[in-house]
Amino acid sequence: MGRTLENKKAIVAELKEALGEAQLAFVVDYQGLTVAEIKDLRDRLRPTGTVCKVTKNTLMGLAIEGDEAWQPMSNFLAGSSAFMLVKEDIGGAVKAYQDFQKASKKTELRGGVMEGRALTEAEVKAIGDLPSKEQLIAQIAGAINALATKIAVGINEVPASLGRSIKAISEKEEGTSDDAASD
């Protein structure tokens, strides 16, 4: 049974809404995947805040029509297309897809779109190699902590150094007065 016009309009509206929330979209040729494998891919992507949409290229074409940010995706609309719409963890989503691809060896990454720019397969994979948001936060926190520690040690050193100087002068004066008393 074919889809009705209202059904197609609803799908296009849903795609537009999903694209409006996404930071990155990448397109995969999913030909040869079973329903169970597509479910596995979706399950792997879900924790990263990614939605996997399998839809006709013409419907996605209608969804991106007139939207400059997603227009470059039209270059990837051919064949059996699955669209990964990443809302949150970009690096995690790419890594999750790469793990799935290594396990299934049935999909092919065509490219992606981010901030109105088409990305090649290599560029999408490079994004996956970047540290996660949590790792970056931990690195920044570690750097700030190290800096704070150095400042605290430096500040602590001033009175300690002053104390050592006063003690040295005091001992020198005592030594001088002992020398004068013995004479």
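The values are calculated or read from the model by the stated rules, or taken from the named source; none is laboratory data. No experiment lies behind these values; they were computed from the predicted model shown. As a convention, Cβ positions derive from the backbone with ideal geometry for all residues, glycine included, and neighbour counts pool all protein chains shown.
Residues of region 115-150 that are modelled with pLDDT of 85 or more, in a loop (DSSP other than H, G, I, E, B) and surrounded by 11 or more Cβ atoms within 10 Å (Cβ to Cβ): GLY116, THR120. Looking across ALA118, ALA103, one residue alone is hydrophobic (A, V, I, L, M, F, W, C), assigned by TED's automatic domain parsing to the domain that holds VAL54 and closer than 30 Å to GLY66 by Cβ. It is ALA118. Restricting SER104, SER81 to residues that are crowded, with 17+ Cβ neighbours inside 10 Å, polar (S, T, N, Q) and more than 23 Å from the chain's Cα centre (by Cα) narrows the list to SER81. Is there a residue being of a type outside the set (Gly, Ala, Ser) and closer than 30 Å to THR55 by Cβ anywhere in region 133-154? For region 133-154, residues of a type outside the set (Gly, Ala, Ser) and closer than 30 Å to THR55 by Cβ: present.
Selection of first residues in region 22-37 that are of a type in the set (D, E, K, R) and of second residues that are crowded, with 17+ Cβ neighbours inside 10 Å, restricted to Cβ pairs under 7 Å at least 6 apart or on distinct chains, gives the following pairs, ordered by first then second residue: ASP29/SER81; ASP29/THR107; ASP29/ARG110. Among the residues of region 63-76, those that are surrounded by fewer than 17 Cβ atoms within 10 Å (Cβ to Cβ) and either assigned to a strand (DSSP E or B) or in contact (Cβ under 8 Å) with a residue 40 or more places away in the chain (or both) comprise ASP67, GLU68, ALA69, GLN71, ASN75.
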